[in-house]
1. Does LEU697 qualify as being more than 27 Å from LYS794 (Cβ to Cβ), touching a helix residue (DSSP H, G or I) at 6+ places or on another chain (Cβ under 8 Å) and within 16 Å of ligand 2 (Cβ to nearest atom)?
2. Mind listing whichever residues of region 294-319 are more than 21 Å from TYR215 (Cβ to Cβ), out of contact with any helix residue (DSSP H, G or I) (no Cβ under 8 Å at 6 or more places or on another chain) and of a type in the set (S, T, N, Q)?
3. Restricting to region 425-472, name every residue that is under 27 Å from ARG412 (Cβ atoms) and among the β-branched types (Val, Ile, Thr).
4. Kindly provide the set of residues from region 550-606 that are without any contact (Cβ under 8 Å) to a residue 12 or more places away in the chain, of a type in the set (Gly, Ala, Ser) and under 16 Å from GLU437 (Cα atoms), ordered by number.
5. Of all the residues that make up region 429-469, how many are open to solvent by 60 Å² or more (accessible area, probe 1.4 Å) and either in contact with a Ser or Thr (Cβ under 6 Å, 6 or more places away or on another chain) or touching a residue at least 60 places away in the same chain (Cβ under 8 Å) (or both)?
6. Does any residue of region 466-486 turn out to be touching a Phe, Trp or Tyr at 6+ places or on another chain (Cβ under 8 Å) and assigned to a strand (DSSP E or B)?
7. Please return the ranges of strands (runs of 3 or more DSSP E) entirely within region 161-266 where 3 or more residues are touching a residue at least 24 places away in the same chain (Cβ under 8 Å).
Amino acid sequence: MDAPSPPSGFESGPPAEGAGRATPVMEQYIEIKAANPDCLLFYRMGDFYELFFEDAEVAARALGIVLTKRGKHLGRDIPMCGVPVHRADEYLNRLIALGHRVAVCEQLEDPAEARKRGNKSVVRRDVIRLVTPGTLTEDTLLDARRNNYLLAVARARASSGTESRFALAWIDISTGEFRIVECDRASLANEIARIEPGEIIVSDALYGDAELAPYLRSLPAVTPLTRDVFDGANAERRLAGYFGLSTTEGFGALSRLELTAAAACVTYVERTQLGQRPPLSPPTREAQGATLAIDPATRSNLELARTLAGERRGSLLAAVDRSVTAAGSRLLAQRLAAPLTDPAAIARRHDAVEFFVGDAAARADMRERLEAAPDLARALARLVVGRGGPRDLAAIRDGIAAAAGLAARLERSAALATELADTAQALRRPDQSIAAELAAALADELPHLKRDGGFIRADYDAALDEARALRDESRRVIAALQARYADATAVRALKIRHNNVLGYFVEVTAQHGDKLMAPPLNATFIHRQTLAGQVRFTTTELGELEAKIASAADRALGIELETFDRLAAAVTTAAADIKAAAEALAVLDVAAALAELAVERHYVRPEIDASLDFVVEGGRHPVVEQALARDGGPFVANDCDLSPPLEAAAGRIYLLTGPNMAGKSTYLRQNALIAILAQMGSFVPARHARIGAVDRLFSRVGAADDIARGRSTFMVEMVETAAILNQAGKRSLVILDEIGRGTATFDGLSIAWATIEHLHESNRCRALFATHFHELTALAATLPRLFNATVRVKEWQGEVVFLHEVVPGAADRSYGIQVAKLAGLPATVIERAKVVLATLEAEDLASPRGLEDLPLFAAAPRPTSPPQHGAALDNIVRMLASLSPDEMSPREALEALYALKARAGSED
Ligand code: ADP
Ligand code: MG
């Protein structure tokens, strides 16, 4: 057989034979596969997971492994491929990343058990778990620093007069978080972008909905499910059932829609975990408006969690993350994705950061302790679903101890910020006796898997010690027996060996075989097997010893596994307290990390209030600043004041002009990022900042490419601008960068013009608008809350020098040619451009004649081509046309050439 996977002993041979009749193994396979049609089936055979039929073809292609054949089914070859069990995680990882779902089917008994039922019987197998992108718990399958959410989206259809409503429920089964929010169609994409789920579940109906289908299909890993999962009628019962409660009243007032989404989540978890219930916190309902709304375009444009190129490096998150634990990193990412809007809640977080800014010793000490603490939440989740190992128990032991140590350290401080006082309390919640019990039970060196035992400490359990002694003792007895047999037979090379088929046996080389098979030795040695070079025997004594060893080893392993289960059960009982401590560790890490950042990079505590003010003094771009610092360059700090002017009831709009490369985009983004950092609870890169909490943040860049979605860039720009103009309100902050760039100049100018008027008059929001249309600065004369600002440059020896300094006023010109020169355009092009520019500037752009589509598209006059030249050329061309070279003698041709030359010369 050419298959790469040796199947388990007695089941070897093709899983199917001749046409028509499936073998028992294939019958079993087909039955299990039929129950899991939408998953790739990993079918356990000995040391391999094997895939058959179409699954094999899909997996072989996806994983780049060999596709072979194994037997026949209904007369045709069965395609097959296999992955070794010990490398299964790696392959699972790749399949999940590609959006596949995998059903893992295990052997539920030892092949020996099956054999007892008769030679034809099949090992019992069943699916023990479905692996889907949103329901992972293994460290090898998860990114330690990111949450992996499963999100359920439920919809209540629009009825007359009301719009469709949506409820989102999302959980991370590897940490136990569980949240719910309700939203409308307009903010659906914002919410999903914020949550960044690993997998989304929706009902078949929603997935097929004409209006939503294109959007849903553009998202990764959306799983449509049958309607019973989203059945509102029994949602409450299913949700309560998951938590072992009779009602969900304790979760607060949840709408039927919210219950539907939450119940869909837990139902899906139960299905994929085959009835196991990973520990979840009771769902917390997020009030609408509690978080700063940021739409997907703004999120990616501001490069919050990853850059436009899709990398974490270079993002705001990467620039500000100083956390030392994976859980802290996850919490920081969450907070950055969803800044708050309530000034009091924000101040609570700032208080905690301030504590650590003020107490460097506490900060250093606690960060050191945190760094040594394990990922408590994920270890806990694995233990509760029965996927934990000895090292997860150790993580609980160390995590509880670390929590208690940190609580004690915190309590040494007199007046603790509320967030930290709450944290200290949560850290104290786990029962210390569990940690003590685990410390007493677990060995110093722990294996990864519990399967083979060896993780319980000696002296912990007398029965275990006894079984182990017997097991080890018997091994010594075997060694003694070997020596005794060697003596008795006078065969010095006699060995006692062990394999899985024969168990223990006596082995001698072929030349001594006969001796043992003849009297008197044959009374003791019973022949078992003759191989090419060796003969193997057993003895009654050896058989008895073997049974004793096996039972002692079995007993020892049995006791260890029982102990494991007992300890895991104790941990499960205390899951709520341990989870609370795990969350507190993350909160502590984030507060200390943000303080570390603030001290390292000189950030200040911002004031957040309910006003419409927005004052930033000496603001810097958190990412650009760090990038420049690495290259040794200084970042020029800039002020920004969008507060309502005296007696105005709405904030200002800055109209920022200045040449390319001056720093306009940087300035716009830094102010948006400062607002985000401030409201997520961080200090900010500025000398001083006071911000009236922003409720929605919008950011758009002119002519951004969106080829992936197949819309023209200008169309995208306009769709996104429309969204802002329709949604931004008084508390919003809007950043518009070169809007109107994607079309003809005067179209673009007109759109930009009207957009500013709309922002000023209708949206009345705080806004920053960068533009290369200098004409727009005239608007300040009529719009009282519009302020002109420009980024300073100076000219030095014909070169432009960027000062990156934002000052009131308008740019005098755009320095485009100087920038082009810096970029290395050929000198002839630069010179020519200067001439064209001079000509253009000589004309009065305000006159109707100036209202042509100037710099870009109008044909410029050509100052070096006097018109009379044209007539002379015409003459020569006419003359040339009248010649017929075929009919001319060489002499005539030469004369014609002289004549032409003379005509050209006379025109000079
Ligand atoms: P613009 O949008 O005006 O074309 P950018 O904001 O893209 O200009 O800035 C161009 C470059 O100038 C940035 O990549 C950055 O390196 C540098 N820069 C911008 N602002 C500053 C600043 N305040 N201090 C120092 N360097 C800056
Ligand atoms: Mg720019």
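The values are calculated or read from the model by the stated rules, or taken from the named source; none is laboratory data. Given the structure is predicted, the values throughout are model-derived calculations rather than measurements. Cβ sites come from the backbone with ideal geometry, for glycine too, and all protein chains shown count toward neighbours. When the accessible area is computed, the model is the full protein with side chains, heavy atoms only, and any ligands, DNA or RNA have been set aside. Shrake-Rupley method; radii C 1.70, N 1.55, O 1.52, S 1.80 Å.
1. No.
2. Across region 294-319, the qualifying residue is only THR307.
3. ILE434, the sole residue that qualifies.
4. The one that is without any contact (Cβ under 8 Å) to a residue 12 or more places away in the chain, of a type in the set (Gly, Ala, Ser) and under 16 Å from GLU437 (Cα atoms): ALA569.
5. 6
6. Within region 466-486 (the criterion being touching a Phe, Trp or Tyr at 6+ places or on another chain (Cβ under 8 Å) and assigned to a strand (DSSP E or B)), the answer is no, since none of the residues qualifies.
7. Result: 165-172, 177-184, 199-203.
Condition check ((1) closer than 26 Å to ASP110 by Cβ; (2) aliphatic (A, V, I, L, M); (3) surrounded by fewer than 17 Cβ atoms within 10 Å (Cβ to Cβ)) across all residues:
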site: VAL491; (1), (2), (3): no, yes, no
site: ARG497; (1), (2), (3): yes, no, yes
site: ALA518; (1), (2), (3): no, yes, yes
site: GLU541; (1), (2), (3): no, no, yes
site: GLU546; (1), (2), (3): yes, no, no
site: ALA552; (1), (2), (3): yes, yes, no
site: LEU557; (1), (2), (3): yes, yes, no
